[in-house]
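Just so it is clear, none of the values below were taken in a lab; they were calculated from the coordinates. Note that the coordinates shown come from a computational prediction; the quantities given were computed from them, not determined experimentally. All Cβ positions, even for glycine, are placed from backbone atoms using ideal geometry, and neighbour counts span all protein chains on display.
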Amino acid sequence: MKYEIISSGFGGQGALTVGKFLAKAGMKEGKNVSWLPSYGPEMRGGTANVSVVISDKEVASPLVSFPSILVALNQPSIDKFASATIDGGLIVFNEDMCPNGVKRDNVEIISAPMNQIAKEIGSIKVLNMVAIGMVIGKTGIVKYETLEQDLTAFLEKKNPELLKANLKAIKKGIELAQS
Amino acid sequence: MSEKVLMKGNEAVAEAAIRAGCRLYFAYPITPQSELIEYMAKMLPKVKGTFVQAESEVAAINMVYGAAGCGKRVMTSSSSPGISLKMEGISYLAGANLPSVIINVQRGGPGLGDIQPAQGDYFQATKGGGHGDYRLIVLAPNSVQEFADMASEAFDLADKYRIPVMILSDGLLGQMMEPVSFKPTLTAEEIAEKEKIHLDWCMRPNEDEPNHHHHEINSLEIDPNVLETHVLDLEKKYKLITENEIKFEEYNINDDNQIVCVAYGTASRIVKSAIDQLSEKGINVGLIRPINVWPYPSNAIKNVLHKKVKKVITFELNLGQMVEDVRLAVNGQIPVEFLGKVGGLVFSPDEVIKKIEDNL
């Protein structure tokens, strides 16, 4: 099993964090993982993105050119990476920020109004957690329980309210992906 | 080893250096190695260490000279343009036989270049860079775990040979997060024990000597006959290192290789991906990955040249630097090809596969 993921969005949407929590959970489940951010002077309004590999075998190249999973939190991310997504791959996108949607054949496409769902849950910050939920709900790449443990250790004392919102957002994402 | 944590290469090597007894670190910030300096700034005071953000790279390397002269485990780090600024100091460290660790998280050059990963400093690291006849031991990691492991290895080698040791990394390895586990932290007693081997030459208050005669640490020898002896002694040391410290990895090397690749650091990761994909197509390609790039594993390359190997191909993120060492090792026996990528870009496995297939 080998997943090559690109997660992408505007700075501040939490695209890099999507990758980080997936990679961390993969590591906790005994997989080989890598997390490689794009860094440097990104143009305002452009994309911040991260390459994540989660694999049973040693990760050779950590650079993802052709993702098997694309998480697109905004339209420029779709414009940049949708065509590179492999046939049979998965594209998860945020309806609220992707007015033109995705034009691609031979991939599975799931989407949700992530901004709106996050606001309903109580914090716009957790929109990326909806995306994580959708990815794991569709692919089973990592377990919900592993993410819950990790987030709990990270947020329980610092911000219990935000923890609750995060977990709720992941569960909502899983539910949406499976419905 | 500790439980695995997900960490950036820059932070992992900093943590590993502290665990290996580094209590003195002097540097000046530069992308893409700034997380390293941030980590040291935050963590060194917690272990009663000293971090100084120097006014320049030149100042930082000369602070290293001072601390190394006192027999302490000391480190500095920078990225390509900053390493160029340190070159005078590195030559002085080498000339004065001072153990120290220098990390280069390479970025695109020449000049200010850009801040993306590159391997354009191979010549500078392995062939000099500073003036005079000197060598550094140069370690070239290709993963976050290896980057971290090299911290303690670099200090041990520096101590063993009284030589500056460089870890030649790059922006990708610095910025990437991978799982890493750490060796246990050396205690103050263990650090003191390691530093004991320097007591017979380093600067220190010496109560045994009533006239407070201090050791002299210097790279200036005005008498040519004395300097000749000094440089020949350095040569002896470099020969000894060449005998003892060759280190490389063989990946899919076997008697049926059609092509043998040579690549180090980040480039080697991409080549491994390409080799795996080619092997699925029934094309048998091996890789020699130098782990230490000085001393260079020439014999490792020589030893895999047999009748079935048609060509050796070198892959680097530069215009062709290590390929010169590969050509010296192959010595005209078979053709040596090269694929480079510059500007801070990294070739994809597909580009590597194409280069290999074009040479079958």
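Only aspartates and glutamates eight or more places from B:LYS311 in sequence, or on another chain, were considered; those with a Cα closer than 17 Å are B:GLU250, B:ASP255, B:ASP256, B:GLU324, B:ASP325, B:GLU337, B:GLU357, B:ASP358. Within the stretch B:1-97, the trypsin sites (Lys or Arg not before Pro) that combine a DSSP coil assignment with at most 14 other C-beta atoms in a 10 angstrom radius are B:LYS48. Using the Stokes-Einstein relation with a Kirkwood hydrodynamic radius computed over Cα pairs, the translational diffusion coefficient of the stretch B:5-197 at 4 °C and a viscosity of 1.567 mPa s comes to 81 µm²/s. A Gaussian network model of chain B, with springs between Cα atoms under 10 Å, assigns the largest mean-square fluctuation among B:PRO117, B:PRO184, B:PRO297 to B:PRO184.
For the options B:SER298, B:SER100, B:SER169, a Gaussian network treatment of chain B with springs between C-alpha atoms closer than 10 Å singles out B:SER298 as fluctuating the most. Over the stretch B:249-358, the Kirkwood radius and the radius of gyration, each from Cα atoms, give a ratio Rg/Rh of 0.92. Using DSSP loop states and a limit of at most 11 other Cβ atoms within 10 Å to flag trypsin sites (Lys or Arg not before Pro), what is the longest stretch of chain A containing no flagged site? The segment A:104-156 is the longest one with no such site. The fewest-to-most ranking of B:GLU3, A:GLU148 by surrounding Cβ atoms within 10 Å reads B:GLU3, A:GLU148. Counting only residues at least eight positions apart within a chain, or on another chain, the lysines with an alpha carbon under 16 Å from that of A:LYS103 are A:LYS80. What separates the Cα centres of the stretch B:79-143 and the stretch A:93-142 is a distance of 45 Å.
Listed by chain and number, the lysines whose alpha-carbon sits under 17 Å from that of B:LYS4, ignoring those within fewer than 8 places in the same chain, are A:LYS20, A:LYS24, A:LYS28, A:LYS31, A:LYS57, B:LYS183. Magnitude of the charge dipole for chain B, about its Cα centre and with charges confined to Cβ atoms of Lys, Arg (+1) and Asp, Glu (-1), is about 660 debye. For the stretch B:1-76, the average shadow cast by the Cα convex hull is 5.3 nm², which is a quarter of the hull's surface. Shape annotation for the stretch B:174-273: C-alpha extents along the principal axes are 67, 42, 27 Å, from largest to smallest. Calculated on the alpha-carbon coordinates, the convex hull of chain B measures out at 144 cubic angstrom per residue. Which whole-number percent of Cα pairs in the stretch A:57-179 have a distance greater than 20 Å? Tail of P(r) above 20 Å: 46 percent of Cα pairs. Structure remark: mean-square fluctuation, Gaussian network model of chain B, C-alpha springs under 10 Å; the largest value among B:GLY174, B:GLY108, B:GLY66 belongs to B:GLY66.
Rg/Rh, computed from the Cα trace of the stretch B:88-130 with Rh as the Kirkwood radius, has the value 1.03. Only beta bridges with both residues in the stretch B:5-197 are counted; by DSSP, about 20 percent of them are antiparallel.
A convex hull fitted around the alpha carbon atoms of the protein assembly as shown yields 161 Å³ per residue.
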